[in-house]
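Beneath this line is the structure, given in structure tokens, with notes to follow.
The values are calculated or read from the model by the stated rules, or taken from the named source; none is laboratory data. Nothing here was measured: the structure is a model prediction, and the numbers come from that model. Here Cβ is always computed from backbone atoms with ideal geometry, including for glycine, and neighbour counts include all displayed protein chains. Protein only, heavy atoms only, side chains kept; ligands, DNA and RNA dropped before computing areas. Shrake-Rupley method; radii C 1.70, N 1.55, O 1.52, S 1.80 Å.
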Amino acid sequence: MPSEPVVPRPAATVLLVRDAPAAPPGRTPLQVFLQRRVPEMAFASSMTVFPGGGVAAADRAVLPSWAGPDPSWWAERLSCDAELAGAFVQAAVRETFEECGVLLAAPELPADVERYRADLVARQRTLAEMLTETGLVLRADLLRPWARWVTPPAVPRRYDTVFFVALVPEGQEADAHTTEAVEATWWHPAEALEHWQRGEIELMAPTVRTLQEIAEHPDSASVLAAADERVVQPVTPVVRPDGEKVVVVLPGDPDFEIDIERIAPGGSA
């Protein structure tokens with residue numbers, strides 16, 4: 001008898017967006033921040049991804065300061081309970097800060113904010129402790145829900161990942177100072193898809209679909225406005241044989257079909 005599917009681990013990822021100060025000919029201003037993960041990563045190694053990661057136990061704590069929609073609002077938008085919704089939001093804020101130095105908090109960040117970033121990465125502090133010590137307030141209102149993707153049941157390492165969208169706060173810059181990525185930079189969504197089509201970068205199915213979706217928008221304001229209107233329901237890609245190859249398809253989207261070897265060498269979707 002086949003074993004039971006692995007229970008997906010909750011995770012969060014953030015599409016950091018901005019408008020390029022001078023878009024090249026043929027490109028819209030919209031850009032998104034992407035990282036290419038190191039080959040040693042257990043999941044999505046060498047893949048080009050949005051910043052993010054798994055929900056930690058500490059992300060389920062009640063925060064001392066929170067601005068914007070509360071966990072019950074997020075629960076309704078993300079189709080889950082309030083505790084998990086709050087954890088998704090906290091993980092999104094924490095992972096974005098750890099991986100690219102952008103902190104969705106207010107008011108002004110302290111001069112020694114990088115020390116707190118290092119402590120979070122080393123698990124020497126929690127997000128709640130950092131907020132308490134610095135007097136910062138988590139800005140849930142800077143996030144918008146975009147999608148929720150669940151890894152197919154046949155995959156041994158599964159995630160239930162909420163995709164958020166956020167503008168980089170004024171005065172902050174996304175960086176590549178993380179041990180989890182070999183490079184990180186801003187991409188025009190269509191540009192990233194073109195590099196993927198040529199086999200120059202590797203993308204997972206949710207990343208491909210998300211880039212396709214935001215590529216339809218000319219600028220960051222349009223993406224944020226679209227996020228406000230989206231209905232977020234969990235989406236699980238389907239992996240199935242197609243002749244001599246295996247493909248990934250999306251329920252309800254007959255136009256989306258990708259050879260699994262194009263998006264996930266080794267068979268992980």
Item checked: Flag if Glu133 is out of contact with any helix residue (DSSP H, G or I) (no Cβ under 9 Å at 6 or more places or on another chain) and either of a type in the set (Asp, Glu) or modelled with pLDDT under 95 (or both) -> no
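In region 2-23, how many are free of Cβ contacts under 8 Å to residues at least 24 places away in the same chain and not hydrophobic (A, V, I, L, M, F, W, C)?
Looking only at that region, the number is 4.
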Next item on the list: Working only within region 224-242, note down all residues that are surrounded by fewer than 16 Cβ atoms within 10 Å (Cβ to Cβ) and polar (S, T, N, Q).
Entry: Gln233
Notebook entry, point to check: Scanning for something touching a strand residue (DSSP E or B) at 6+ places or on another chain (Cβ under 7 Å) and assigned to a strand (DSSP E or B), does region 72-80 turn up at least one residue?
Noted result: no
Note to self: So, in region 194-218, how many residues would count as being open to solvent by 50 Å² or more (accessible area, probe 1.4 Å), over 21 Å from Val247 (Cβ atoms) and in contact (Cβ under 8 Å) with a residue 12 or more places away in the chain?
What the structure shows: 1
Item checked: Yes/no for Arg144 being open to solvent by 40 Å² or more (accessible area, probe 1.4 Å) and out of contact with any helix residue (DSSP H, G or I) (no Cβ under 8 Å at 6 or more places or on another chain) -> no
Item checked: Given (1) in a loop (DSSP other than H, G, I, E, B); (2) modelled with pLDDT of 95 or more, number of the condition Leu63 does not satisfy -> (2)
Note to self: I'm trying to understand the selection: among the residues of region 127-136, which are touching a residue at least 40 places away in the same chain (Cβ under 8 Å) and open to solvent by less than 40 Å² (accessible area, probe 1.4 Å)?
What the structure shows: Leu127, Ala128, Leu131, Leu136
Notebook entry, point to check: Any idea which of (1) in contact with a strand residue (DSSP E or B) (Cβ under 6 Å, 6 or more places away or on another chain); (2) at pLDDT 90 or above is the one Glu216 doesn't satisfy?
Noted result: (1)
Check: When you go through Ala176, Ala190, Ala166, Ala154 one by one, which is the residue that is surrounded by fewer than 18 Cβ atoms within 10 Å (Cβ to Cβ) and closer than 18 Å to Ser222 by Cα?
Finding: Ala190
Item checked: Every residue from region 1-36 that is open to solvent by 80 Å² or more (accessible area, probe 1.4 Å) and either of a type in the set (Ser, Thr, Tyr) or at pLDDT 95 or above (or both) -> Ser3, Arg9
Item checked: Yes/no for Pro156 being modelled with pLDDT under 90, part of a loop (DSSP other than H, G, I, E, B) and out of contact with any Lys or Arg (no Cβ under 9 Å at 6 or more places or on another chain) -> yes
Next item on the list: Name every residue in region 99-121 that is out of contact with any strand residue (DSSP E or B) (no Cβ under 8 Å at 6 or more places or on another chain), among the acidic types (Asp, Glu) and closer than 19 Å to Leu167 by Cα, in order of residue number.
Entry: Glu108
Item checked: Positions within region 98-124 being without any contact (Cβ under 8 Å) to a residue 40 or more places away in the chain, open to solvent by less than 50 Å² (accessible area, probe 1.4 Å) and of a type outside the set (Gly, Ala, Ser), in sequence order -> Pro110, Val113, Tyr116, Arg117, Asp119, Leu120
Check: Hey, does region 89-102 have a residue that's modelled with pLDDT under 95, among the basic types (Lys, Arg) and out of contact with any Cys (no Cβ under 9 Å at 6 or more places or on another chain)?
Finding: no
